[in-house]
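Take a look at the structure set out below.
Readers should treat all values here as calculations from the given coordinates under stated rules, not as data from a laboratory. Quick caveat: nothing in here was measured; it's all calculated off a predicted structure. Ideal geometry is used to build each Cβ from the backbone, glycine not excepted, and the neighbour counts take in all protein chains shown.
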Amino acid sequence: MGFGFSRILYEKVPITLRLDPYIHEALKYVCKQEIRSLNTQIEYILKKYLYSYDDIGPNDRLGDLIQEIASRDNAPISTDSEQ
């Protein structure tokens with residue numbers, strides 16, 4: 001995948017997220033194991049969910065958005081559990 005120098009930079013949208021304290025602690029543990037920041041881990045989980053979302057019609061805006069996300073990450077859209 002390279003070092004990311006060729007990626008187009010895009011502005012991220014800041015949001016406020018309220019989590020159950022146990023979910024937060026579990027996510028922090030996973031982040032430490034996978035060497036990711038909490039924000040990056042949450043984004044990773046959300047992308048995996050979107051890539052596996054199967055209720056997309058042929059002319060659905062959601063499908064276009066998911067394709068755009070995948071193209072920005074140079075990631076194939078996959079429904080398996082690979083990282």
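Quick notes on this one:
- Subtracting the Cα-Cα distance of Leu27 and Lys48 from 0.36 nm times their residue separation leaves 6.0 nm of extension gain.
- Potential lengthening between Lys12 and Arg72 on full extension [0.36 nm per residue; Cα-Cα distance subtracted]: 20.3 nm
- Packing rank of 38-50, 16-28, where each peptide gets the mean count of other beta carbons within 10 Å, highest leading: 38-50, 16-28
- Separation of the Leu62 and Thr40 label points, Cα + 7 Å toward Cβ, nm: 2.9
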